[in-house]
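Scroll down for the structure; my scribbles are underneath it.
The values are calculated or read from the model by the stated rules, or taken from the named source; none is laboratory data. Values in this document were obtained by computation on a predicted structure and should not be read as measured data. Neighbour counts run over all protein chains shown; Cβ positions are idealised from the backbone, glycine included.
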Amino acid sequence: MKTVNHTSKALKYVGFLMLLFFSLTHSQSQGDLSENVIYWHIKAVLPEAKLLDIKAIDAAGTHHEVKAIQDSHDISLLNVKALVDGQTLPIKMIINKNDKYYPVKAIDYEGRILDIKAIGEDGELLDVKGVSRMGNLIEVRAIDKEQKQYDVISISPRKGVNHVKGLKMFSEDVEAVIHGIKIFAHVKSLQQY
């Protein structure tokens, strides 16, 4: 009987130590991740090898950064987000029945939409939209006023270039509803093989 009693107390103590150990290592690994986040630049590529910045623009006309966020060693699929006033906002293709393309927009936590635009050398704003679909992937392009389309890419500050594309997970038109906004597809940075 005494042996069982001591074993039971020892198991509780060992269990407590294991729980403490795992919670400390988990919190340490979470801290390491936030310190090792890499922000990839999002750009539109012109034929003459020029790069245009892609920005999120709020209702006041303020420009905010748009980045692909790498939080692990895997670069094959990265989230594309708008960095607005200390918040990381999702960027999605939204459903707009009046447009032949799918507008690419950031959505804030109150359901307000921010435009995603490429900024030309003369300050011209080019629309960024999903233009064509092949299976679950939608091509994302910057479109100028003459309707010329330019690839959108993400560039690592360390090494690497990915393509920015829309990604459908479901066959329905409405992929999800985020803060009251119907979305068609998620916008991701994808490694091309």
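Overview of values
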| quantity | calculated |
| --- | --- |
| Selected residue (only one of Tyr150, Tyr193 is at pLDDT below 95 and among the hydroxyl-bearing types (Ser, Thr, Tyr)) | Tyr193 |
| Some residue of region 94-104 being aromatic (Phe, Trp, Tyr) and over 20 Å from Gln147 (Cα atoms) | no |
| Cross-chain or 6+ apart pairs with Cβ under 8 Å, region 93-120 first and more than 19 Å from Lys55 (Cα to Cα), then of a type in the set (Lys, Arg) and surrounded by fewer than 21 Cβ atoms within 10 Å (Cβ to Cβ) | Ile95/Lys182 |
| Residue list for region 44-85, restricted to those being part of a loop (DSSP other than H, G, I, E, B) and either among the aromatic types (Phe, Trp, Tyr) or surrounded by 12 or more Cβ atoms within 10 Å (Cβ to Cβ) (or both) | Leu46, Lys50, Asp58, Thr62, Asp71, Ile75 |
| Verdict on Val152 being crowded, with 18+ Cβ neighbours inside 10 Å and in contact (Cβ under 8 Å) with a residue 24 or more places away in the chain | yes |
| Condition met for Asp173 (over 22 Å from His41 (Cα atoms) and more than 19 Å from the chain's Cα centre (by Cα)) | yes |
